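For reference, the structure is listed below as structure tokens.
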Amino acid sequence: MGRLEKTLATGETWFWSRSRKVFWHKGETSGNIQRVKEVFYDCDRDTLLL
């Protein structure tokens with residue numbers, strides 16, 4: 001399951017760390033979870049806005 005699928009399934013943000021080469025869950029260490037209300041593409045359709 002990819003980042004977007006996991007984000008949509010859980011309603012919380014998941015990211016890919018290029019430096020560590022792992023998926024990470026926003027808030028897993030800090031406790032500051034980012035909940036997703038809506039997802040949009042930007043005007044160029046190359047970025048997701050959460």
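The values are calculated or read from the model by the stated rules, or taken from the named source; none is laboratory data. Since we're looking at a predicted model, the values are computed, not measured. With ideal geometry, Cβ positions are generated from the backbone for all residues, glycine too; neighbour counts draw on all protein chains shown. Side chains are part of the model used for accessible areas, which takes the heavy atoms of the whole protein and leaves out ligands, DNA and RNA. Shrake-Rupley method; radii C 1.70, N 1.55, O 1.52, S 1.80 Å.
Laid out as a table, the results:
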item: Stretch gain in nm, segment ASP42-LEU4, where the contour uses 0.36 nm per residue and the Cα spacing is subtracted; result: 12.1 nm
item: Along the chain, longest interval not containing exposed trypsin sites (Lys or Arg not before Pro), exposed being DSSP loop plus at most 13 other Cβ atoms within 10 Å; result: 1-17
item: Accessible area expressed per residue, the chain, with surrounding protein chains retained (probe 1.4 Å, Å²); result: 85
item: Surrounding net charge for LYS26, when Lys and Arg each add one and Asp and Glu each subtract one, Cβ distance under 15 Å; result: +3
item: Within-14-Å neighbourhood charge of ALA9 [Cβ basis; K, R +1; D, E -1]; result: +1
item: More than 13 angstrom apart: percent of Cα pairs within the chain; result: 61
item: Sulfur and carbon atoms: percent of accessible area, the chain [1.4 Å]; result: 51
